[in-house]
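Worksheet: the structure to be examined is printed underneath.
The values are calculated or read from the model by the stated rules, or taken from the named source; none is laboratory data. Note that the coordinates shown come from a computational prediction; the quantities given were computed from them, not determined experimentally. Every residue, glycine as well, gets a Cβ built from its backbone with ideal geometry; the counts of neighbours run over all protein chains shown. Accessible surface is based on the protein model in full, side chains and every heavy atom, while ligands, DNA and RNA are left aside. Shrake-Rupley method; radii C 1.70, N 1.55, O 1.52, S 1.80 Å.
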Amino acid sequence: MTHKIWMMSLFALSVAGAAVAFAVQGDTQSAERGAPQEGTTPDMMGAKPTEHHKVLAQMSGTWTATLEFPGMEPQQGVENNQMAMGGLWLVGDFEIADFMGAPFRGHSVMGYDSTKGKYVGMWVDSMTDRIVHSEGEYDSATKQLVMHAENLDPMTGEPRKEVHVTLLRGPDSRLFKMTPEGSDEPTMVIEYTRKK
C-alpha cells in the first residue's frame, strides 16, 4: 500500500513538473512575442496582487494554534502559511502531532477571485477524502473575514452549511471560529499566536 501511494505521489509530481515547465515555456514565448494578442483577457496576461491580497498576507508566517472543540480538551497545533504564485494565493499547512491517537495534517489555499468579487478558499486534510470549498468577504471595519462553506456533519454524515470567521486582531494574533449556519454555537475555535 505504501509503495502504491509513493508511486501515485511520484506520478502527481511528474504531472505538476510538466505543467510548470509548460507554463514557463508559455511565459517565455509570450515575452518574446511582445504586445498582447487580440482576444486575450486580463487573466491570460497575469493577475496582480491587490488590497484584497494584503488582507491574506497578514496571515503569513508560522503560528501556534490552540484548538477548542465542545466536550474535548484543547489541542495544540502549528500552522505555516506563505503567500505564493506572485502574492496571489495564501498557501497553508496545518498539523497536530497527536489528534485522537494519530497525526493530523491539513492543507489550505486562499485567494481573491476578482471575477466573483469574493475571497475563495479550499481545504483538505488527512481525516477526510473530500475538498471543502469556501467563499466570502472581508469587513475592514470589524477586521473579520467571513467565509461560507458546505461540509459534512461529522455526526450524521449529512451536508451542513458552515460559517468560518477569522478575526484579524493584530499582526501577531487572530481568532478562527467555525459555526454551523443558523447556529450561535461554534463547533471549533482556534486561537492563533504568531511564533517569534
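A few remarks follow.
- Contacts under 7 angstrom Cβ, first residue in segment 58-73 being more than 15 Å from Phe176 (Cβ to Cβ), partner part of a loop (DSSP other than H, G, I, E, B) and open to solvent by 30 Å² or more (accessible area, probe 1.4 Å), 6 or more apart: Thr62/Lys195; Pro70/Thr187
- Close pairs (6 angstrom Cβ cut-off, 6 or more residues apart or separate chains): touching a residue at least 40 places away in the same chain (Cβ under 8 Å) in segment 171-196, among the charged types (D, E, K, R) and not in a strand (DSSP E or B) anywhere: Arg194/Asp172
- Scanning segment 72-88 for residues being in contact with a strand residue (DSSP E or B) (Cβ under 6 Å, 6 or more places away or on another chain) and over 18 Å from Arg174 (Cβ atoms) gives a total of 2.
- Test: residue in segment 187-194 that is basic (Lys, Arg), open to solvent by 30 Å² or more (accessible area, probe 1.4 Å), more than 24 Å from Lys118 (Cβ to Cβ) and out of contact with any His (no Cβ under 8 Å at 6 or more places or on another chain): yes
- The set of residues in segment 158-186 that are more than 24 Å from Met122 (Cβ to Cβ) and open to solvent by 40 Å² or more (accessible area, probe 1.4 Å) comprises Arg169, Pro171, Asp172, Asp184, Glu185.
- Residue ID - surrounded by the most Cβ atoms within 10 Å (Cβ to Cβ), chosen from residues in segment 44-76 that are part of a strand (DSSP E or B) and not small (Gly, Ala, Ser): Trp63
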